[in-house]
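Everything below concerns the one structure shown next.
Please treat every number below as a calculation from the coordinates, not as lab data. Nothing here was measured: the structure is a model prediction, and the numbers come from that model. Using ideal geometry, Cβ is built from the backbone for each residue, glycine included, and neighbour counts are taken over all protein chains shown.
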């Protein structure tokens, strides 16, 4: 990486960067960051895809799920006032805070911020209780529908679990939510509103109504005969995305705060860019100008050039149009050089959590100097003109990487990270 005008080179915090000191992940690929990373870099078939009885009869009755995680044992009575997406967020937050070497009993809680993105929040719980109302009457409806179904259930739950009393926010920009949450936290750290921020995304959508509607939109894969092969980003035979659940949260700190306490820095969050297509509530702008604008804004914010970026963890949903639009924008900005991957074939499309999960994986790629493969990619669509890593993880010398997210409503968001 070149020096910028301030003489800052790779391995140091750029002006206004945030230190990534903790990573927490709960995904269909693993119950923590170590297990998720190991699974994603092995290039074996995804293990977390399940057909669900609750989705039986729909054109798409499968999704990526977090299996074998005893939420009640991990969280105790806290589970009673948390929807599943918020429960996953709390577990990921605990891991991230522990990984950062922070102790909630001793930190200045007024200087700790929490920002959690989600697209659908507790919609599944809302659906369940709507059925109770219809079938059993108002007297049988649970009194906690309001707190569990709202989108801030995860942000509030993480604050309560950690005792974080600084600024907090729930971000909802569809599938860009997790990325925008992390970008928001970066802004707060730069502005001095906090010293520490726990930020990312969480989602656990098992809503039959939402699956039925998204099937009608023809956005979901209908490969019910081969669910593990259904999510195939950038592949010529892709036919839609596969929903996933999970959470990805980072601990971000002002570099001087991390330095003062001797924290190990795993990466730096150097830049954030966002934009809107201003075109459609559903379809991306086929010109790709919206995501290109966000990409260029993030590079400028990070004070790096396109040539500095060696890896992009793409949104790569496995939908025909999204993959073409995004890859075209990536090619215009970066050319053929960066190593591009989509990790969604291993985690599913975790919607509002996707950006948080993929930011964590981008930080790990920088730390481990390895780009995970795009699983299920057998024949790259000839319209995808970028170097997509497939078949096996690829070692690489990486100093700077980016991750992108596109969401319904025209939302685009990009983060730029640099190696610690």
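How high is the relative contact order of the chain, in percent, counting Cα pairs under 8 Å that sit 6 or more residues apart? Walk me through the numbers on the way to the answer.
Values: 1163 pairs, mean separation 101.8, N = 420.
Once divided by the residue count of the chain, the mean separation gives 24 percent.
Which one, 200, 355, 288, has the greatest fluctuation when you compute a Gaussian network model over the chain with C-alpha springs under 10 angstrom?
Highest fluctuation among the options: 288.
Taking square-rooted eigenvalues a ≥ b ≥ c of the alpha carbon gyration tensor, is region 140-202 rounded, prolate or oblate, where a/c under 1.5 means rounded and, failing that, a/b exceeding b/c means prolate? Each step should come with its number before you reach the end.
Details: a/c = 3.31, a/b = 1.65, b/c = 2.01.
Since a/c reaches 1.5 but b/c is at least a/b, the shape of region 140-202 is classed as oblate.
Going by a ≥ b ≥ c, the root eigenvalues of the Cα gyration tensor, does region 290-420 fall in the rounded group (a/c under 1.5), the prolate group (a/b larger than b/c) or the oblate group? It would help to have the intermediate numbers written out before the result.
Numbers: a/c = 1.25, a/b = 1.06, b/c = 1.18.
Here region 290-420 falls in the rounded category.
I need the calculated FRET efficiency for the pair residue 213 and residue 70, taking r as the beta carbon distance and R₀ as 22 Å, to the nearest 0.05.
Working: r = 32 Å, r/R0 = 1.43.
It comes out at approximately 0.10.
Could you list the residues of region 363-404 with an amide nitrogen less than 17 Å from a label point located 7 Å from the Cα of residue 336 in the Cα-to-C-beta direction?
So the set is 380-390.
Can you tell me, using C-alpha contacts under 8 Å and at least 6 residues apart, the relative contact order of region 244-333 as a whole percent? Don't skip to the end; give the middle numbers.
Numbers: 70 pairs, mean separation 24.8, N = 90.
It comes to 28 percent, rounded to a whole number.
Could you list, bin by bin from short to long, the percent of Cα-Cα pairs of region 1-156 in 10 Å steps?
Reading upward from the zero bin: 9, 26, 32, 20, 10, 3, 1.
For region 18-419, what is the percent of antiparallel DSSP beta bridges, rounded to the nearest 5? Don't skip to the answer; put the middle values down first.
Working: 42 of 64 bridges.
Antiparallel bridges: around 65 percent, rounded to the nearest 5.
Ranked by Cβ crowding within 10 angstrom, fewest neighbours first, how are 367, 378 ordered?
Working: 367 18, 378 11.
Sorted ascending by nearby Cβ count, the order is 378, 367.
What whole-number volume per residue, in cubic angstrom, does the convex hull of the C-alpha atoms of region 346-420 give?
Details: hull volume 8.3 nm³, N = 75.
Looking at region 346-420, the number lands at 111 Å³ per residue.
Got a sec? How would 221, 54, 172, 342 order by Cβ neighbour count within 10 Å, fewest to most?
By the 10 Å Cβ count, ascending, the order reads 54, 172, 221, 342.
Taking just the alpha carbons, could you work out the radius of gyration and Dmax for region 28-91, both in angstroms?
14.0, 38
Could you please tell me the mean projected area of the C-alpha convex hull for the chain, averaged over all directions and given in square nanometres to one decimal?
Seen from a random direction, the Cα hull of the chain projects 18.9 nm² on average.
In percent, what relative contact order does region 51-139 have, based on Cα pairs under 8 Å that are 6 or more apart in sequence?
On the way: 23 pairs, mean separation 16.2, N = 89.
Relative contact order here is 18 percent.
Fewest Cβ neighbours within 10 Å first, please rank 379, 399 accordingly. Can you show the working numbers first?
Details: 379 11, 399 18.
The fewest-first ordering by Cβ neighbours comes to 379, 399.
Out of 20, 90, 386, any idea which swings most in a Gaussian network model of the chain, alpha carbons joined below 10 Å?
Maximum fluctuation in the GNM of the chain, among the listed residues, is at 386.
So what's the back-of-envelope 222 nm ellipticity for the chain, counting only DSSP H runs of four-plus at -39500 (n - 2.57) apiece and dividing by all residues, rounded to 500?
-9500 deg cm²/dmol
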